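Engineer: Below: one structure in structure tokens.
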Amino acid sequence: MATDQKYVDYIIDQIHHPAGITYKKMFGEYGLYAGVRIFALVCDNRLLIKPTEAGRVFIGKPNLASPFPGAKSYFLIQEELEDHDWVSNLVKVTVNELPDPKPKKPKKKN
């Protein structure tokens, strides 16, 4: 089951981050970004936050789920999404712990 655009829009509205929150469609699902850092996936209308130590401390006992079979586990955010301050703080501590993406190598010309 693919994610509904309305659900992604709702998530974006719930999260406040200084770098701004954007998304990219990926294989019928979505990746969420704060600035240049991808911090979450939205799959099957579920918000899955990348696991970090700071996020684990913030949540306490996180619920874990995989975006698809065989993938590593992410923090599954459900009812907590209703509290925009809580989810915004989780995103902040998560993004602060994530590294910047590696620069892309230029493509070779033939």
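Engineer: Quick one: in the range 34-66, which of the residues that are more than 16 Å from V95 (Cβ to Cβ) and basic (K, R) is surrounded by the fewest Cβ atoms within 10 Å (Cβ to Cβ)?
Structural biologist: K61
Engineer: Looking at (1) in contact with a Lys or Arg (Cβ under 9 Å, 6 or more places away or on another chain); (2) surrounded by fewer than 18 Cβ atoms within 10 Å (Cβ to Cβ); (3) within 10 Å of V95 (Cα to Cα); (4) not aromatic (F, W, Y), find the lone condition where G31 falls short.
Structural biologist: Only one criterion in (1) in contact with a Lys or Arg (Cβ under 9 Å, 6 or more places away or on another chain); (2) surrounded by fewer than 18 Cβ atoms within 10 Å (Cβ to Cβ); (3) within 10 Å of V95 (Cα to Cα); (4) not aromatic (F, W, Y) is unmet by G31, namely (3).
Engineer: Looking only at the range 33-56, how many residues end up being within 8 Å of the chain's Cα centre (by Cα) and under 11 Å from P67 (Cα atoms)?
Structural biologist: Here the count works out to 7.
Quick note: the coordinates plus some simple rules give every number you see, no bench work behind them. From a predicted model like this one, the values you see are computed outputs, not experimental measurements. A quick note on method: Cβ atoms are made from the backbone with ideal geometry, for glycine too, and the neighbour counts reach across all protein chains shown.
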